[in-house]
Amino acid sequence: MGTVAVLAIALLAAASPAHADLKLCNHMSYVIEAAIGIEDRTATATRGWFRIDPAACRVVLQGTLSADRILLNARALGVYGSSPIPQNGSDTLCVAPDNFVIAAARQCRAGQTPAPFTQITPTTADDGNLVAYLAEDSDYNDEQARLAGIQRLLVIAGYDAAPIDGVDGPKTQAALAAFLKSRGLSPDSVQSPNFFATMIEAVQTPSSTGLTWCNDTPHKVMAAVATDDGKTVISRGWYRIDPGKCLHPDVTGQPKQIFSFAEAVDADNRTIKLKDRPLNWGGTKELCTRESKFEINDQGDCSARGLASSGFAPVDMSSGGKTLRFAMP
């Protein structure tokens, strides 16, 4: 997976008002949620979350803007697993889980959490508005970003649309046709402004094929999957599953065995414990993991390589599909 970066294009005249809207445009293959920070003299405010589909733009600030600095935090939706967008900004500002406006964003209060923000430098578009782009190393144009976004969600939903490259072809079209048929959708629905919402809903509901995780707890669940093709065991995580949601991990190929591990975590990603025992769902198959996003294909001596290990459980896929439901004990 390529590194994802915020493209800072041209320069914004610092501290001078701009009589224009500020737009964020998504040239990535992920549906993202963005939060912005506005620093004006000694005050810094944040606002979010703005959901932006691939190839779409969204106005995040309207009218006259007076700011010394504009900052951005962007994250991919939970259906993609741990966010592929590196959060390495040098400013730490407060955000909240749901839609929010925080006036004094450098001192977090109850219900707010610190998050890294990166300064952005929008450019002036032909219509006079300010615009900043989010892009991947693949450097997709609008059409490619939208198709790559569809391919990515098709793969997560269990349809073979790989590779995710934004290039149309018979394989992608066959996967898309199968998806539309399974959901009772017409081919015209692909052009609907709500098509990504439709696809995400499909990804977050149980499926008769492949592995599905469903979170029946009131907590966020982080899950990992492992596949054994008879030669190599590959463990991969983390996938975020919000309360009341389901998710299909992107298991490719025809593995001989699939394993699963999941744990409930709090807002700071700390494992939730009940009666001093972690609230998790797994088994006795010890496989390598780590705190951040990972894909590990060598399961030997995890601790000696600075890795953690977690107890995975085998998943019976003999019927072609399996839904694992995570519930409170």
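Just a few scattered comments:
- Here is the figure for region 284-305: residues that are in a loop (DSSP other than H, G, I, E, B) and open to solvent by 70 Å² or more (accessible area, probe 1.4 Å) total 7.
- Selected residue (criterion: most open to solvent (accessible area, probe 1.4 Å)) from residues of region 64-106 that are over 21 Å from residue 269 (Cβ atoms) and assigned to a strand (DSSP E or B): 101
- When region 222-242 is limited to residues that are outside any strand (DSSP E or B) and out of contact with any Pro (no Cβ under 6 Å at 6 or more places or on another chain), the one that is surrounded by the fewest Cβ atoms within 10 Å (Cβ to Cβ) turns out to be 231.
- Picking from residues in region 190-206 that are loosely packed, with under 14 Cβ neighbours inside 10 Å and polar (S, T, N, Q), the one that is nearest to residue 33 (Cα to Cα) is 194.
- The number of residues in region 21-63 that are among the hydroxyl-bearing types (Ser, Thr, Tyr) and within 20 Å of residue 267 (Cα to Cα) comes to 1.
- Residue 148 being open to solvent by less than 80 Å² (accessible area, probe 1.4 Å) and either modelled with pLDDT under 90 or within 28 Å of residue 243 (Cα to Cα) (or both): yes
- Which listed residue is closer than 17 Å to residue 112 by Cα and in contact (Cβ under 8 Å) with a residue 40 or more places away in the chain, from 65, 61, 77, 72: 72
- Candidate set from region 244-270 (those that are exposed (fewer than 13 other Cβ atoms within 10 Å of the Cβ) and at negative phi); member that is modelled with the lowest pLDDT: 252
The values are calculated or read from the model by the stated rules, or taken from the named source; none is laboratory data. It should be emphasised that the depicted structure is a prediction, and the values quoted were computed from it without experimental measurement. Counting neighbours? That spans all protein chains shown, and the Cβs are built from the backbone with ideal geometry, glycine included. Each accessible area value is taken on the protein alone, full model and side chains, heavy atoms only, with ligands, DNA and RNA left out. Shrake-Rupley method; radii C 1.70, N 1.55, O 1.52, S 1.80 Å.
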